Amino acid sequence: MPQLKWKLFDLFGIPVLIDLTFGIILLMFVNSGPSFAIGLSEALILAISIVAHEFGHALTGRVFGCETKTITLSFVGGCASMVSMPRKGWQEFLVALAGPLVSFVLAIIGFLLLAFVPIRSDFVVDSLLYLMWMNLILGCFNLLPGFPMDGGRIFRSVLMLFLSRPKATFVAMVVGRVFAVLLALSGIYSLFNGGGWAWIRIFIAWMIWQDGYREYQLALMESSWSYSDFRAKVSPPPYDRD
């Protein structure tokens with residue numbers, strides 16, 4: 001089979017890969033912009049924003065001994081593949097929150113540059129507006145309770161104050177599946193009413209449905225094994241899909 005992923009670079013010892021499908025999305029951005037230069041700028045800002053978001057997770061996880069194998073860009077966003085997962089609820093809370101916080105910081109940077117940079121060309125203004133709004137949307141969307149998205153992981157980490165990890169994961173999975181159904185319905189509605197990104201919304205909903213159940217199964221297995229046995233037998237799912 002032909003290779004569908006290519007390595008872009010290493011940063012902080014973590015390889016960053018790009019999937020063929022993400023390259024297609026970038027080409028769509030380039031072609032849909034008001035000009036080639038602005039479209040290319042928006043495509044690069046999107047890629048950099050997603051990579052920065054994922055490194056927020058990866059580097060925060062490293063503080064707690066959770067190394068990241070790769071970061072992959074695909075048509076549904078970014079995916080940090082962790083070798084191990086945060087063990088305690090407060091650790092998961094911080095690791096999950098780190099990605100959206102990076103996105104919000106980038107949005108603030110875009111706003112400040114827009115407010116204070118004296119250059120007022122269309123290219124600069126459009127690029128900074130896109131940096132601000134894209135990261136604001138990226139941060140807010142990932143805080144929605146679609147487990148195992150960031151918001152769902154934050155929700156589970158709070159539940160773990162009161163419930164065991166398997167029970168907290170089950171509740172987060174159910175809430176995430178409700179969110180997935182609503183997201184899929186919005187995608188279907190958009191599909192028949194001319195809205196944008198309909199298929200991507202439907203596919204993200206499907207991944208939330210599937211990955212949430214997989215996380216629940218892993219939590220059940222983890223509760224019946226010792227942690228060393230768990231790490232030896234099971235590879236954790238991708239930590240985040242943005």
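The values are calculated or read from the model by the stated rules, or taken from the named source; none is laboratory data. Every value quoted in this text rests on a predicted model; they were computed, and no experiment measured them. Reconstructed Cβ throughout: ideal geometry from the backbone, glycine too, with neighbour counts over all protein chains shown. Note: accessible area is taken over every heavy atom of the protein model, side chains too, but ligands, DNA and RNA are not part of it. Shrake-Rupley method; radii C 1.70, N 1.55, O 1.52, S 1.80 Å.
Descriptive notes on the structure:
- Condition met for THR21 (within 22 Å of PHE141 (Cβ to Cβ) and of a type in the set (Ser, Thr, Tyr)): yes
- Unmet requirement for GLY194, which otherwise passes all of (1) part of a helix (DSSP H, G or I); (2) farther than 30 Å from LYS88 by Cβ: (1)
- Here the strands (runs of 3 or more DSSP E) wholly within the stretch 1-88 that include at least 2 residues being open to solvent by less than 40 Å² (accessible area, probe 1.4 Å) and touching a His at 6+ places or on another chain (Cβ under 7 Å) are 77-82.
- Candidates in the stretch 102-127 are the residues that are surrounded by 11 or more Cβ atoms within 10 Å (Cβ to Cβ) and more than 27 Å from the chain's Cα centre (by Cα); of these, the one that is farthest from ALA58 (Cα to Cα) is ASP122.
- Annotation note: of ASP150, ASP122, the sole residue that is acidic (Asp, Glu) and farther than 25 Å from ASP10 by Cα is ASP122.
- Flag if GLY146 is under 18 Å from ILE208 (Cβ atoms) and in contact with a Pro (Cβ under 7 Å, 6 or more places away or on another chain): no
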